[in-house]
Structure formats: structure tokens, C-alpha cells
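S.K.: Got a structure here, written out as C-alpha cells. Questions coming.
The values are calculated or read from the model by the stated rules, or taken from the named source; none is laboratory data. Worth saying up front: this structure is predicted, and the values here are computed from it rather than measured. Backbone-built Cβ (ideal geometry, glycine too); neighbour counts: all protein chains shown.
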Amino acid sequence: MFSQEQKIKFLMKNIAVIGAGTMGNGIAHTFAQSGFNVKLIDISETSLKSGMDTIAKNLDRMVAKEKITEADKSETLGNIETFTNTISGVKNADLVVEAATENINLKLNIFKQLDDVCDKDTILATNTSSISITQIAAVTSRPEKVIGMHFMNPVPIMKLVEIIRGYNTSDEVTKTIMELSKTLGKVPTEVNDYPGFVANRILMPMLNESIETLYNGVAGVQEIDTVMKLGMAHPMGPLQLADFIGLDVCLSILNVMYDGFKNPKYAPCPLLVNMVRAGKLGVKSGEGFYDYSESRKAEKVAKQFV
């Protein structure tokens, strides 16, 4: 008699991940470490190399902390193949997880292509943090097999996965993805398809209000973050968290929510808009609300979460 976990791993053995950036390589790492065959796909060889380097470094830290063995590390890396060609990468995939940039047009184009080249039984998932699953599914001929899997960053560490079912997502697909998430050691939580879902519908207005508080001169960056860390027991201040997420990502999510609800409470703060225009995106650019350029501060900030 097979356990539920064994059944899921048998049915969903081959996983393709689109995008080798922060979220994509984290998702690939997590599936590979759980024993799945993973194909990591990105049109850029540089991004693929960087993504694999990140996975290797994160595994090294886990070995150093005695969370895994060297053999576990080797097995995890051996479970990942890299591809720059989407068609080759998604061949024979039971599940494709798209983790490209949070841009609606890009995601729609990817899903149109996936629908054309993937087997008719392949489930198509998106790691979007705010964009409508129903809208993405509508460009495919299999809307019942399209679902959201919103992992949290850093993916190998964070337990939550928001499972978002679109208007036409089937009960069977939802159940399969919920069970699959559990085999990764995650806690899947089912939510409905509205802008921002749950996590970002609550988080982004808080971050935006923190930026408004700075913009209005109520307090400085350090002071705002100190109040929230010490007064509200948050592990990280909201402005530092915004830097870590990426100010461009925050802006994109707020715009999706503002467009979706037409409610001014979701309108991005002008300071956030100007910082993104100026290229001050947070950790990824070396400067946001904090300066990460000296002594590899950006890398140090990122490492504390892995």
C-alpha cells in the first residue's frame, strides 16, 4: 500500500520551473531537495549559472549548519537540469511552475506557449504574488489545470505556500497541488482569486503606509523600522522588508491591487514610485531605504534568512 506522499511523488515526479531568479531557483532547490526531477529553465545562461550558484551556496550553508549532509547536497544538485529552451525544458513535465518577473504580459505569453507545448495533462502553476489566476488561465485551453502556487521568500526556509484557485481551477487539481506542497514540507493554504490574494493584500498596504509615514516626515527610516520591530515584534522593519522584497516588486503588486479594486487605499506612495524610477530598488540594486553597497551589505542581509 502506497502512502499519499508516495502516490503524489509518483504522479508528479517531473517538475519544470520557469525562471532562475530568486524565487525560481528557490522553488527548484526545494523540489530537488525533496527528491523530484527538476528542469530549471531560463532564456539567459547567465541567470541559470547564477541560479545554480545560489542553490549550491544555500546547500553549503545547510551542510555547515548540519541540516543536511554532503550526500544530500550532491543528490539535490543531481536532481536539477538546466535549459535555455522552454520546449525542451517542459517536455514530459507533470507540473510547470512559472516564476518569471511579476509582469502580466510576460506571464500571459509564457502560459500561451506552455499550453501549446505541454502535454494535455500537465498542470500549469504560477508563482505570481498578485496577478489574477483566472486571467492567466483564460489564455490557455486548460483553465481547469491552471493554479497559483505562491511560495514565500526564501523558498527553502519559509513554510507557507498560498494555493490560489482560479474561477475554473478543478477540485482535483487543487487537491493534487495541496498534497504536493505538503510533500515539500510546506503548509499549503487555499485562498480565492482576488488581487493580492491574502499575503500581499495585507502586507503591501502596511509597507505602503510605512513609506507614506516616511514621505510625510513623521519619522525616519530607522525610527519607523525600530517601532515596528520592538513595538509589534516584527522580525524585520517594513522598510527593510520592502528593500528585501524589491521596491519594483512592491510597486508592481500595489499597481495590480489598485487596478483590481479601484480603491485609493492601494495607490502606491509617490516616494515609492520615484525611488523605482530612480533605480533604487533595495537589496538587488545596492540601495533602497538602506544603503547595501558597502562591504557586501546586500549579501549579508540576504544570508541572514537562509
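S.K.: Quick one: in region 282-306, which of the residues that are assigned to a helix (DSSP H, G or I) and over 23 Å from the mean Cα position of the chain (by Cα) is modelled with the lowest pLDDT?
M.R.: Only one residue fits best here, namely Ser295.
S.K.: With free of Cβ contacts under 8 Å to residues at least 12 places away in the same chain, in a helix (DSSP H, G or I) and touching a helix residue (DSSP H, G or I) at 6+ places or on another chain (Cβ under 9 Å) as the only criterion, which of Glu172, Glu179 stands out? Steps first, answer last, please.
M.R.: On the way: Glu179 fails: free of Cβ contacts under 8 Å to residues at least 12 places away in the same chain.
Checking each option against the conditions leaves just Glu172.
S.K.: Taking the conditions exactly as written (surrounded by fewer than 20 Cβ atoms within 10 Å (Cβ to Cβ) and either within 18 Å of Met204 (Cβ to Cβ) or at pLDDT 95 or above (or both)), does Gly279 satisfy them or not?
M.R.: yes
S.K.: Oh, and also: Where the second residue is part of a loop (DSSP other than H, G, I, E, B) and the first is free of Cβ contacts under 8 Å to residues at least 24 places away in the same chain and lies in region 222-241, which pairs have Cβ atoms under 6 Å and are six or more apart or on separate chains?
M.R.: Asp225/Gly237; Met228/His234; Met228/Gly237; Lys229/Gly237
S.K.: Something else now. Does region 116-155 hold any residues that are surrounded by 23 or more Cβ atoms within 10 Å (Cβ to Cβ) and either basic (Lys, Arg) or not assigned by TED's automatic domain parsing to the domain that holds Gly51 (or both), and which are they?
M.R.: Once the filter is applied, which keeps residues that are surrounded by 23 or more Cβ atoms within 10 Å (Cβ to Cβ) and either basic (Lys, Arg) or not assigned by TED's automatic domain parsing to the domain that holds Gly51 (or both), region 116-155 yields only Lys145.
S.K.: For region 1-19, what are the residues that are within 12 Å of Glu81 (Cβ to Cβ) and surrounded by 24 or more Cβ atoms within 10 Å (Cβ to Cβ)?
M.R.: Passing the criteria: Ile15, Ala16, Val17.
S.K.: Here is a further query. Among the helices (runs of 4 or more DSSP H) confined wholly to region 3-115, which include 2 or more residues that are under 23 Å from Val173 (Cα atoms) and outside the structural domain of Val283 (by TED's automatic domain parsing)?
M.R.: Output list reads 4-11, 22-33, 86-90.
S.K.: Checking Lys159 against (1) in contact with a strand residue (DSSP E or B) (Cβ under 6 Å, 6 or more places away or on another chain); (2) charged (D, E, K, R); (3) surrounded by fewer than 17 Cβ atoms within 10 Å (Cβ to Cβ); (4) over 25 Å from Leu241 (Cα atoms), which test does it fail?
M.R.: Exception for Lys159: condition (4).
S.K.: Now a separate question. Could you identify the single residue in Ile123, Ile157, Ile110 that is farther than 25 Å from Thr76 by Cβ and of a type in the set (A, V, I, L, M, F, W, C)? Before the answer, list the steps.
M.R.: Numbers: Ile123 fails: farther than 25 Å from Thr76 by Cβ; Ile157 fails: farther than 25 Å from Thr76 by Cβ.
Selected residue: Ile110, the only one of Ile123, Ile157, Ile110 that is farther than 25 Å from Thr76 by Cβ and of a type in the set (A, V, I, L, M, F, W, C).
S.K.: Go over the candidates Leu59, Leu106 one by one and state the one that is of a type in the set (A, V, I, L, M) and loosely packed, with under 14 Cβ neighbours inside 10 Å.
M.R.: Of the residues listed, the single one that is of a type in the set (A, V, I, L, M) and loosely packed, with under 14 Cβ neighbours inside 10 Å is Leu106.
S.K.: Can you go through Leu180, Leu230, Leu239 and tell me which one is surrounded by fewer than 21 Cβ atoms within 10 Å (Cβ to Cβ) and over 19 Å from Ile131 (Cα atoms)?
M.R.: On inspection, the qualifying residue turns out to be Leu230.
S.K.: I'd like the residue in region 20-52 that is surrounded by 19 or more Cβ atoms within 10 Å (Cβ to Cβ) and of a type in the set (Val, Ile, Thr) and, out of all such residues, is nearest to Lys182 (Cα to Cα).
M.R.: Thr30
S.K.: Within region 130-159, work out how many residues are small (Gly, Ala, Ser) and part of a loop (DSSP other than H, G, I, E, B).
M.R.: 4
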